[in-house]
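Each value in this text was obtained by applying a stated rule to the coordinates, not by laboratory testing. Please read these numbers as outputs of a predicted model, since none were measured by experiment. Every residue, glycine among them, receives a Cβ derived from its backbone with ideal geometry; neighbour counts consider all protein chains shown.
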Amino acid sequence: MKYWLMKSEPEEFSIDALAKVGREPWSGVRNYQARNYMMKDMKVGDGILFYHSNTEIPGVVGLAEVVSETYPDPSQFKKKSDYYDPASKPEQPRWWLVDVGFKRKLARTISLDELKAKSEQLGDFALTQRGNRLSVLPVTAAQWKFILSLE
DNA sequence: GCCAACGTTGGC
DNA sequence: GCCAACGTTGGC
């Protein structure tokens, strides 16, 4: 079992929105590295730290899990979609995703500031590395455990 | 295959 | 809303 951190702008799709719908196809990722994690490395049952970005207090706000195998992101073929990719062909889709299922909200937000302050305990962590913009990134079992111990 | 221009992400 | 970081695109 692996662990991940997935970012979402709460104005677009918040942890509360996920709680309401239960599960959600993680569509719209248009970055190859993030896609590769979803396409190649994620397995049903993997743990997800749900992270709010582009908001007053960016940070980890909840837990989710991978609830589907990888499959082509339907939005890439929809002309009206913001995520439409004219270069992607149905017989060879470019963008893949998984469905994300709600587990629970954290008792409090574990902020980016706080995670930065604990960088010594966290070790190598893509989230807090300079200039990082990846929206899907791996978390080690030790990091997962440590972050949840802060709750 | 280099690299300038451009677009996007996301913290602040 | 600004802007640094950085991925992508396209001309050459």
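Projecting the Cα atoms of A:Gln92, A:Leu134, A:Thr109 onto the charge dipole of the range A:76-151, computed from C-beta unit charges around the Cα centre, puts A:Gln92 farthest toward the positive end.
What the Cα convex hull of chain A gives, in volume per residue, is 113 Å³.
With R₀ fixed at 30 Å, the C-beta to C-beta distance from A:Arg104 to A:Ala126 puts the FRET efficiency at about 0.80. Longest stretch of chain A clear of exposed loop sites (trypsin sites (Lys or Arg not before Pro), DSSP loop, at most 11 other Cβ atoms within 10 Å, sites excluded): A:81-129.
Under 5 Å between amide hydrogens, built in the peptide plane, is the criterion, and for A:Lys103 it picks out A:Leu63, A:Ala64, A:Glu65 among residues at least 5 positions away or on other chains. The value of relative contact order for chain A, using C-alpha pairs under 8 Å at least six residues apart, is 31 percent. Annotation: extensible slack from A:Tyr83 through A:Ala117 equals 8.7 nm (criterion: 0.36 nm per residue apart, minus Cα-Cα distance).
Ignoring lysines fewer than eight residues from A:Lys103 along the same chain, the ones with Cα atoms less than 17 angstrom from its Cα are A:Lys2, A:Lys7, A:Lys20, A:Lys43, A:Lys145. Among A:Ser88, A:Ser111, A:Ser68, the largest mean-square fluctuation in a Gaussian network model of chain A, built with springs joining Cα atoms closer than 10 Å, belongs to A:Ser88.
Taking amide H as placed 1.01 Å from N in the peptide plane, the amide H of A:Trp4 sits under 5 Å from that of A:Gly47, A:Ile48, A:Leu49, A:Val139, each at least 5 places away or on another chain. Grab the Cα-Cα distance for A:Arg30 and A:Ser149, subtract it from 0.36 nm times how many residues apart they are, and report the gain in nm with one decimal. Length gained between A:Arg30 and A:Ser149: 39.6 nm. Ellipticity at 222 nm from helices only: DSSP H runs of n ≥ 4 in chain A, each -39500 (n - 2.57), divided by the residue count, give -4500 deg cm²/dmol. Any idea how far the Cα center of the range A:80-151 sits from the one of the range A:3-32, in Å? Here the answer is 10 Å between Cα centres. Since only A:Gly45, A:Gln121, A:Ile147 are under comparison, the one whose Cα sits farthest along the positive direction of the charge dipole of chain A, derived from C-beta charges on Lys, Arg, Asp and Glu, is A:Gly45. Magnitude of the charge dipole for the range A:1-92, about its Cα centre and with charges confined to Cβ atoms of Lys, Arg (+1) and Asp, Glu (-1), is about 320 debye.
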